[in-house]
Amino acid sequence: MIQALYRAPLNSADSDSFPSLPLHHEVLNSWTTFSPGGDPAAENPINMLASITPGFDDNELSSLYAALSSKFPGDRLGITHFLADGNFSAYSYERFHEDIYSDPDANSRLDKLRQKWQQDTHDNLIPLLEQTGNWGYYFPMYRDFNESHCTTILDLEYGEIAEHGLVLRDFLDNIVNYQGGPMMRAYESDQVSDYENNHNWFYDLVGGCCNSEFFPVPRKKRGLSRAFVFLLAAHEP
């Protein structure tokens, strides 16, 4: 499992082009002793990662994708998440972008979160993956469960990309149960159909339990939870 790493050069100040840049700085400052341009022999997670992953650039955390591709050229690597994720996008942007945290309208804030999430995915992730030969990706739009967070949580339903005739299991088969053919690389552009008839009684039951007095998790804390996307690596014999 790995957090989605979007391109956000640490020596840049352009958070409009790189919406995840403030998050990267906050995480590094809060959870590590790493500082850009610091002692490469200092003990911290970033220096450790650089020491075991040739090609990893500590100024550009998303260089991890190309570095892993080069280190494991015989492996098939894949990443998938929903483009309308309202959980990880809140974690990534809500506290750092004034136009979001100062907006009093909840629906408007959610729209802005999703816009930045989709900008980061299309501009600061997909091009990095396509520069490699063994990263696949699968980005459906929306599922009406758990704030559309994580494509593989609970089950594999409602993860289709109808415009390409794909379901989530197709992607998992392409990465894990490889039967030949190129890496699957697909994203959904339809902004309407996934919001229609996109949940079932089981989702309602689980969602109701999670929001009940037995699982009292405030929205703020859910947004600050460890939010992961699904990373798959299947070694070819």
| remark: Using a 1.4 Å probe on heavy atoms of the protein chains only, the accessible area for V176 in Å², nearest 10, reads 80
| So for the stretch 12-141, taking the charge dipole from beta-carbon charges (+1 Lys/Arg, -1 Asp/Glu), which of G55, L113, T132 sits furthest toward the positive end? | T132
| said: On a 1.4 Å probe surface of the protein chains, which of I52, I175 comes out largest in accessible area, and what is the full order? | reply: I52, I175
| request: Normalising by the residue count of the stretch 1-97, find the relative contact order in percent from Cα pairs under 8 Å and 6+ residues apart. | output: 26
| said: Rolling a 1.4 angstrom probe over the protein chains, ignoring ligands and nucleic acids, what is the accessible area of D144 in square angstrom, nearest 10? | reply: 70
| note | Amide H proximity to L166 below 5 Å, modelled H, separation 5+ or other chain, gives I161
| On the accessible surface of the stretch 8-145, probed at 1.4 Å, how many percent belong to carbon and sulfur atoms? | 50
| query | Which order do F145, F88, F72 take by accessible area at a 1.4 Å probe, largest first? | reply | F72, F145, F88
| query | Where only protein heavy atoms count, and the probe is 1.4 Å, what is the accessible area per residue for the stretch 19-83 in Å²? | reply | 46
| Net charge contributed by nearby residues that have their C-beta within less than 12 Å of N200 (K/R +1, D/E -1) | -3
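The values are calculated or read from the model by the stated rules, or taken from the named source; none is laboratory data. Please read all numbers here as calculations on a predicted model, not as lab measurements. Note that we place each Cβ from the backbone using ideal geometry, even for glycine, and neighbour counts take in every protein chain shown. Each accessible area value is taken on the protein alone, full model and side chains, heavy atoms only, with ligands, DNA and RNA left out. Shrake-Rupley method; radii C 1.70, N 1.55, O 1.52, S 1.80 Å.
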